[in-house]
Amino acid sequence: MKGPRRLAEPRPATVQAADDGRPQTVDGRRVDAIRESWLIEDRWWTANPLRRRYWEIVTADGRNLVAFRDLERNRWYTQR
Amino acid sequence: MCSHVIVCVHIPRFELAVAAGGRHILAAGPVALAPEHGREQLIGEASAAAEAYGVKAGIRLGEALARCPQLKLVTPDPAGVADEWERLLIALENIGARVESDRPGLAFFDAHGLRNLHGGTVEGVIAAARRALGTPARLGAAPSRFAALAAASKARLRRSEIAPTKLAPYLAPFPVDLLSLRPETAALPETLERFGIRTLGELAALPRAALADRFGTAGPLAKDLARGKDSPLKPRRVAENLEERLELPESASGQQLERALGLLIDRLLARRERRGRPLRAAVLGAKLVEGGSWRARVTFREALADPRRMRLVLAPRLSELPAPADALRLKAEGFGPPTGDQRTLLAEPAQLRAARLREAVRQARAAAGPDAALRILPVDPDSRVPERRLALTPWDP
């Protein structure tokens, strides 16, 4: 994304996920609970579609995190 | 030869080639520029294949399609054309030319002072200009602007044409259609051709009084042009490229666009290159989601550096956008003289604090750049994609 600095830019993350896509560890932190999951699809009519599966998780050390898998690029990110 | 030699750079169908994405599209078949969004339904430049069917720039869309049913229409891209033309003008200025240009695809400069820089001859200057442009262009040289244009129209894309010193006999065989490339005389060729006057030589032979009677001031001007007389060049001042651009991934319109405009204004005013100068004119442009672009030039009633007043002037223009935008841009076109903040006679504590804060921000920006003092601007607070909601914009206390 060009132009001014945006807040809440996604950061690449290392995630181990189960077969059904649920994250099990995020950046080395074990996932204790999954609070919510949702799917975002946007700009599917353009050459740069956006498809993300979001997970709101609680890690074993008590952190609340939002992570998503970019379904177009097959990469994981965290986001505040 | 007269000391002044005007060089004309003519790139035919420039707007069409840029909008179509390359000159090769023009060779593929009849192509023309579609009417601009929200304007009269007149087509723009047409390719040679389209012209063979009688399709010309300025005729109604319905008439063009009736003359050539297989005509392909290309969405106009005024912002892309302006960018590409600006790039070429800067390339010419980089060889030392002081350029005059009223429309994309046509530029003039005086080769007089450049000859010593480029081999001592006009041919050397033309070769340098051709190298700088890096794109096929027709180049002609003559002692006057209009004659240079005539020479360029006779030149080929890789062979330039230099007119002789005696211009009247040289110009005589050229068609009166050349006058259409000059704004003041653009309306004349059609009428002249209906009268059976087809060449500049025939036009030059007409009495000046009769031409003035029929065409007003454009008549004698056309006669002067046909005889090789023309006004001196008015080169543009070398422009500073001060522009801010914001991509809008959610194809914004309405309130989102106004917020984006506010952000662009803040960023433009915070640029160090502005050096305290207020803006006299700005160009607001957008890349449209359905292809093509939109561009509007706004001249302020007085030079402005106040973001609130600039927003008041520029925001209503956003309603002219014919479609949602993928990207918005704001470019400074002209500057007023540098101004300082005038203090009030009776300073109040709040104003004093605000003045100190402004000075602190100014010093911080001088030391650390425009990103030294920022505030959070909600660009699209309701977006489902978190990174599209908020952006950082320069803070103006």
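Out of all DSSP beta bridges in the protein assembly as shown, what portion is antiparallel? Express it as a percent rounded to 5.
Values: 75 of 80 bridges.
Here the antiparallel bridges make up roughly 95 percent for the protein assembly as shown.
All other residues with a Cβ under 13 Å from the Cβ of B:Ile59 taken together, and with Lys, Arg as +1 and Asp, Glu as -1, what is their net charge? Before the final figure, lay out each step's value.
On the way: positive: B:Lys56, B:Arg60, B:Arg67; negative: B:Glu40, B:Glu45, B:Glu51, B:Glu63, B:Glu190.
Once all neighbours under 13 Å are counted, the net charge is -2.
So how strong a dipole does chain A carry about its Cα centre when Lys and Arg Cβ are +1 and Asp and Glu Cβ are -1, to the nearest 20 debye?
With only Lys, Arg, Asp and Glu charged at Cβ, the dipole is about 380 debye.
Determine the calculated [θ] at 222 nm for the protein assembly as shown from helices alone, applying -39500 (n - 2.57) to every DSSP H run no shorter than 4 residues and normalising by the residue count; nearest 500 deg cm²/dmol.
Result for the protein assembly as shown: -8000 deg cm²/dmol, rounded to the nearest 500.
Please identify the trypsin sites (Lys or Arg not before Pro) of the stretch B:1-67 that satisfy two criteria: DSSP loop assignment and at most 11 other Cβ atoms within 10 Å. Which are they? Numbers along the way, then the final one.
Details: sites: B:Arg13, B:Arg23, B:Arg39, B:Lys56, B:Arg60, B:Arg67; in loops: B:Arg13, B:Arg23, B:Arg39, B:Lys56.
Of the trypsin sites (Lys or Arg not before Pro), the ones in loops of the stretch B:1-67 whose Cβ has at most 11 other Cβ atoms within 10 Å are B:Arg39.
Over every pair of different alpha-carbon atoms in chain A, take the mean of 1/r and invert it; report that Kirkwood radius in Å. Working shown, then result.
Details: mean 1/r = 0.0749 Å⁻¹.
That comes to 13.3 Å for chain A.
Dividing the convex hull volume of the alpha carbon atoms of chain B by its residue count, what do you get in Å³ per residue?
193
Rounded to the nearest 0.05, what FRET efficiency do B:Glu123 and B:Ala205 give with R0 = 35 Å and r taken as the Cβ-Cβ distance? Could you check?
0.60
Taking the protein assembly as shown, how many lysine pairs are there with alpha carbons less than 30 Å apart, if each pair must be eight or more places apart or span two chains?
Eligible lysine pairs with Cα atoms under 30 Å apart amount to 20.
So for the stretch B:1-92, what percent of the C-alpha to C-alpha distances run longer than 20 Å?
40
Apply 1/(1 + (r/R0)^6) to the Cβ-Cβ distance of A:Thr25 and A:Ala47, taking R0 = 51 Å, and write down the FRET efficiency to the nearest 0.05. Don't skip to the end; give the middle numbers.
Details: r = 34 Å, r/R0 = 0.66.
It comes to 0.90.
What does the charge dipole of the stretch B:59-206 about its Cα centre add up to, to the nearest 20 debye, if the Cβ of each Lys and Arg holds +1 and the Cβ of each Asp and Glu holds -1?
Value, rounded to 20: 500 debye.
At what distance in nm do the modelled label points of B:Arg115 and B:Asp102 sit from each other, each positioned 7 Å from its Cα along Cα→Cβ?
The two pseudo-label positions are separated by 2.8 nm.
Quick one: work out the % antiparallel among DSSP beta bridges in chain B, nearest 5.
90
Compute the distance in nm between two label points, each set 7 Å from the Cα along the Cα-to-Cβ direction, one at B:Leu312 and one at B:Glu348.
In this crude label model, B:Leu312 to B:Glu348 measures out at 1.8 nm.
To the nearest 0.05, what FRET efficiency results for A:Ala8 and B:Arg131 with a Förster distance of 45 Å applied to their C-beta separation?
It comes out at approximately 0.40.
Could you give the semi-axes, largest first, of the ellipsoid that matches the stretch B:21-178, computed as the square roots of 5 times the alpha carbon gyration tensor eigenvalues and rounded to whole Å?
Over the Cα atoms of the stretch B:21-178, the semi-axes work out to 32, 19, 13 Å.
How long is the gain from B:Ala28 to B:Arg272 if the chain were fully straight, where each residue apart is worth 0.36 nm and the alpha carbon distance is subtracted? Don't skip to the end; give the middle numbers.
Details: separation 244, 0.36 × 244 = 87.84 nm, distance 4.68 nm.
Residue separation times 0.36 nm, minus the Cα-Cα distance, leaves 83.2 nm.
More than 16 angstrom separation, counting every C-alpha pair in the stretch B:254-352; what % is that?
On the way: 2850 of 4851 pairs.
When every Cα pair of the stretch B:254-352 is considered, 59 percent fall beyond 16 Å.
Out of the GluC sites (Glu not before Pro) in the stretch B:257-359, which ones are loop residues according to DSSP with at most 12 other C-beta atoms within 10 Å?
Numbers: sites: B:Glu258, B:Glu273, B:Glu290, B:Glu302, B:Glu320, B:Glu333, B:Glu359; in loops: B:Glu290.
Counting only loop positions with at most 12 other Cβ atoms within 10 Å, the GluC sites (Glu not before Pro) in the stretch B:257-359 are B:Glu290.
Say we join alpha carbon atoms closer than 10 Å with springs in a Gaussian network model of chain B; which of B:Leu188, B:Leu248, B:Leu321 then has the biggest fluctuation?
Of the options given, B:Leu188 has the highest mean-square fluctuation.
Among B:Thr299, B:Thr75, B:Thr217, determine the one that fluctuates most according to a GNM of chain B built with springs between C-alpha atoms less than 10 Å apart.
B:Thr217
Restricting attention to the stretch A:27-71, which chymotrypsin sites (Phe, Trp or Tyr not before Pro) occupy a DSSP loop and are surrounded by at most 10 other Cβ atoms within 10 Å?
Counting only loop positions with at most 10 other Cβ atoms within 10 Å, the chymotrypsin sites (Phe, Trp or Tyr not before Pro) in the stretch A:27-71 are A:Trp44, A:Trp45.
Using only the C-alpha atoms of the protein assembly as shown, find the volume of their convex hull and express it per residue in Å³.
Hull volume over Cα atoms, normalised by residue count, gives 226 Å³.
Mind checking the dipole of the stretch B:1-144: about its Cα centre, +1 per Lys or Arg Cβ, -1 per Asp or Glu Cβ, Debye to the nearest 20?
Computed about the Cα centre, the dipole is about 360 debye.
Using a basic spin-label model with each label point 7 Å from the Cα along Cα→Cβ, how many nm lie between B:Glu302 and B:Ala186?
3.4
No lab work stands behind these numbers, since they all come straight from the coordinates. Quantities reported herein were computed from a predicted structural model and do not represent experimental measurements. FYI the Cβ positions are ideal-geometry reconstructions off the backbone, even for glycines, and counts take in every protein chain you see.
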